[in-house]
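To start, the structure under review is shown below, and the notes come after it.
The values are calculated or read from the model by the stated rules, or taken from the named source; none is laboratory data. It should be emphasised that the depicted structure is a prediction, and the values quoted were computed from it without experimental measurement. Backbone-built Cβ (ideal geometry, glycine too); neighbour counts: all protein chains shown. Just so you know, the surface numbers come from the protein's heavy atoms only, side chains and all, with ligands and any DNA or RNA stripped out. Shrake-Rupley method; radii C 1.70, N 1.55, O 1.52, S 1.80 Å.
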Amino acid sequence: MKPSNFRSEETIRDLVSGLQTSPLPPPRQRTANIAHAPGMIHNLTPDECRLAVENALRYFPQECHAELAPEFAQELRDFGHIYMYRFMPRESLYAVPLQDIPARSHQAGAIIHMLLNNLDPSVAQFPEELVTYGGNGQVLANWAQFRIVLNYLANMTDDQTLVMYSGHPMGLFPSTPSAPRAVITNGMMIPNYSSRENYDRLFALGVTMYGQMTAGSYCYIGPQGIVHGTTLTVLNAGRLKLGTNDLAGKVFVTAGLGGMSGAQAKAAVICGCVGVIAEVSYEALKKRYDQGWVVEMVDNLQDLKNAIILAKKAKKGTSIGYHGNIVNVWEMIVQHLESTGELLSELGSDQTSCHNPFNGGYYPVHYSYDEAQEVLKRDPVEFKKKVEESLRRHVAAVNKLSDAGMYFFDYGNAFLLESRRAGANVNRPGDNDPNSGKFRYPSYVQDIMGDIFSLGFGPFRWVCTSGNPKDLEKTDKLAEEVMQKIIDEGIPKQIEQQYQDNMKWIREAGKHKMVVGSQARILYSDQRGRVALALRFNQAISYGEISGPIVISRDHHDVSGTDSPFRETSNVYDGSAVTADMAVQNCIGDSFRGATWVALHNGGGVGWGEVINGGFGLVLDGSDDAGSRAQRMLDWDVSNGVARRAWSGNDNAQTTIRRAMEENHKLKITVANKVQNRDLLENLKF
């Protein structure tokens, strides 16, 4: 629905009218009192700076160049990138209901709905830089692209496809109604050039973009998605590592309250534990507090320690947001342990944007937030040095607490990878190889969630494009009914546990006010559940139980959407964890099985060059065609990843893919034959 601050001076019809150049809109400065992306460090030569301006001017006719060239040059000097602030919308964006979007194709209108949601200030981390989350995960690279993309989507028909090259709208191409309405790629690189240094340079030139996972594919639903993932992760960490289903009085310490990381406080409360989350930006912390996602705010370490002790005794689920650096928090907990023998935290992790540590993704303990911003801009070499020192201190404190019994896990933000690169001791005992892919602390995929992925479970999402909360309430009830029916029909005990967890989640989601932005929901489901949910939603739209189309999607962080050796495929042990066939095949396969749009990205939560993601969006409109598309595409979207994991030797995946073949005789998978006699291999001489 429309936010309370919505003004009518710029309507959705204005937004989709295209790029205004005659006359040009007046120059604009970015808004002073909101959060902005840190300035980028690009190291372009003077000739390359001129090329960057020339590249930006390509969107405008010759008569505009004299006015825009010096303005774009100034943006490049000030921010390391040309955002084209002059062309920003005059008011806050939000997920305009589909019925109010003037689009010739309702499928394209649904994409507009999703794209606008990604730039809603209540959703986006840095909305004026088009950054949705993760410090640099962008929807588009500049505001000219935004204007052109919306115009293309509003005017396209169902026999056209919009092609997107790293934020750049290459154009509308003739296709067919069965083809995707949009095909998106972000950051695709020749492998030898996929380095962080090249990214900074190419982003400054305006020729590539970091789309994270669901930012650049327009499928982000606010922090609700990661709330659910974090809830399941923490619950399963309790079961597997602490030996309990009851986390009352247990303390989970972590960092980050920006985009994705903003979910951690809410997840802790749902799990019933005490969440302690450090955040260096007061604005980010206050935003989550005002949204009700953080229960309590403190700004000094003594008050924090007192609050943790009281919360442990009370054994009530709560969250404490600390305005300050996480390194100070860990060192305070170490000091308390050494002076009293009491371990204040049972679980620990990190959700800073550590995939981007030297451009504002991780702030060194030596400075306040504002001081760090100044050092980053004035002396990036010194900033990098302090970040590396901070990471070493960070790890040293965590190591002491781990030795005392705390369970620490890497939550997929490249924390361990960047800590090792900084010289921190994150190697396993006895492993002195600095290039080892093994760490002292496991990825949460390896230790907690990997086997769940291998069962075919992953983050299934839906968005009610009507913008009507009653439609979302209806889908919650339908989802509970669908899952209960599957349980009643009989499923293996291990799978039933996952269904029960998600039944609890869907019953609680509405009470916890998860919606930020679009009317969206998420749960984890396997292939059978995803298909059943999609078909039931589609039927409800057809029957008029739900008033408008629903977009289904998922986080790329799933059973088959992502190849990432330090996260999603970290529990693939046949040597293929660094290959990307699965994600690429995922995107290609979704595109011809019925997806409304598909996306393929280089980069994600673990950083540029470290991961390839494939994703999709599919519009359910109540038609038989939509139901058929959902059946075909979701069957593939899950089985692709399960088959790959089964081939790598995962027992859960092998069981799951065999069951899938029994249910669908058209599915034929090459099944791995395991070596049972390990001595055969051990006795080989090399």
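What ranking of Glu75, Glu67, Glu480 comes out by heavy-atom accessible area, probe 1.4 Å, highest first? Display every interim value, and only then the final one.
Values: Glu75 15, Glu67 95, Glu480 60 Å².
Sorted descending by solvent-accessible area, the residues read Glu67, Glu480, Glu75.
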Quick one: accessible surface of Lys438, probe radius 1.4 Å, all protein chains present, in square angstrom to the nearest 10.
-> 110
In square angstrom, rounded to the nearest 10, how much accessible surface does Val274 have for a 1.4 Å probe?
-> 0
Per the Kirkwood definition applied to all pairs of different Cα atoms, how many angstroms is the hydrodynamic radius of region 309-440?
-> 15.9
Where does region 147-280 land on Rg(C-alpha)/(2.2 N^0.38 Å)?
-> 1.47
Once the dipole of the chain is set up with Lys and Arg at +1 and Asp and Glu at -1 on Cβ about the Cα centre, which of His42, Thr475, Thr11 lies farthest towards its positive end?
-> Thr475
Would you calculate a helix-derived [θ] at 222 nm for the chain, using -39,500 (n - 2.57) for each DSSP H run of n ≥ 4 and dividing by the full residue count, to the nearest 500?
-> -13000 deg cm²/dmol
Ser518 accessible area, 1.4 Å probe, all protein chains in place, Å² to nearest 10 | 0
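Over region 112-191, with every protein chain in place, what whole percent of the accessible area is carbon and sulfur at 1.4 Å, could you tell me?
64
Report the convex hull volume per residue for region 575-686, counting only C-alpha atoms, in Å³. The partial results should precede the final answer.
Details: hull volume 16.0 nm³, N = 112.
In region 575-686, the Cα convex hull volume per residue is 143 Å³.
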Using bins 5 angstrom wide from zero, how does P(r) for region 248-292 break down, in % of all Cα pairs?
-> 5, 25, 33, 23, 11, 3
About its Cα centre, the chain carries a charge dipole, from +1 on Lys and Arg Cβ atoms and -1 on Asp and Glu Cβ atoms, whose size in debye to the nearest 20 is 900
For region 570-579, 3J(HN,Hα) per residue [Karplus equation, 6.51 cos²θ - 1.76 cosθ + 1.60, θ = phi - 60°, Hz, x = Gly/Pro] | 5, 9, 9, 10, 8, x, 9, 4, 9, 8
If Ser178, Ser553 are ordered by their accessible area, calculated over protein heavy atoms with a 1.4 Å probe, which sequence runs from highest to lowest?
-> Ser178, Ser553
Where does the charge balance sit around Arg536 when Lys and Arg score +1, Asp and Glu -1, over other residues with C-beta under 13 Å from its C-beta?
-> +1
Calculate, for the chain, the solvent-accessible area per residue in square angstrom, rolling a 1.4 angstrom probe over the heavy atoms of the protein chains.
-> 39
How much of the accessible area of region 603-653, probe 1.4 Å, is carbon plus sulfur, in whole percent?
-> 48
Would you check region 202-336 for Lys pairs whose C-alpha atoms are within less than 18 Å, ignoring same-chain pairs closer than 8 in sequence, and give me the count?
-> 15
Ile309, Ile448, reordered so the largest accessible area comes first (probe 1.4 Å) = Ile309, Ile448
Global geometry of region 495-622, whether rounded, prolate or oblate, following the gyration tensor of its Cα atoms and the 1.5 cut on a/c = prolate
What are the extents of the Cα atoms of region 73-180 along their three principal axes, listed from largest to smallest and rounded to whole Å?
-> 44, 27, 24
When the accessible area of region 253-354 is split by element with a 1.4 Å probe, what percent falls to carbon and sulfur?
-> 50
For region 35-193, what is the charge dipole size about the Cα centre, in debye to the nearest 20, if Lys and Arg each add +1 at the Cβ and Asp and Glu each add -1 at the Cβ?
-> 260
Per-residue HN-Hα couplings for region 583-594, Karplus 6.51 cos²θ - 1.76 cosθ + 1.60 at θ = phi - 60°, whole Hz, x for Gly and Pro?
-> 5, 5, 4, 4, 5, 4, x, 4, 5, 9, 9, x
Starting from the Cα coordinates of region 468-558, work out the convex hull volume and express it per residue in Å³.
-> 103
When the charge dipole of the chain is computed with +1 on Lys and Arg Cβ and -1 on Asp and Glu Cβ about the Cα centre, the Cα farthest towards its positive end, among Leu57, Thr465, Ala653, belongs to Ala653
Report, to two decimal places, the Cα Rg of region 348-425 normalised by 2.2 N^0.38 Å (N = number of residues).
-> 1.10
Three principal axis lengths of the chain [C-alpha, angstrom, descending] = 70, 62, 59
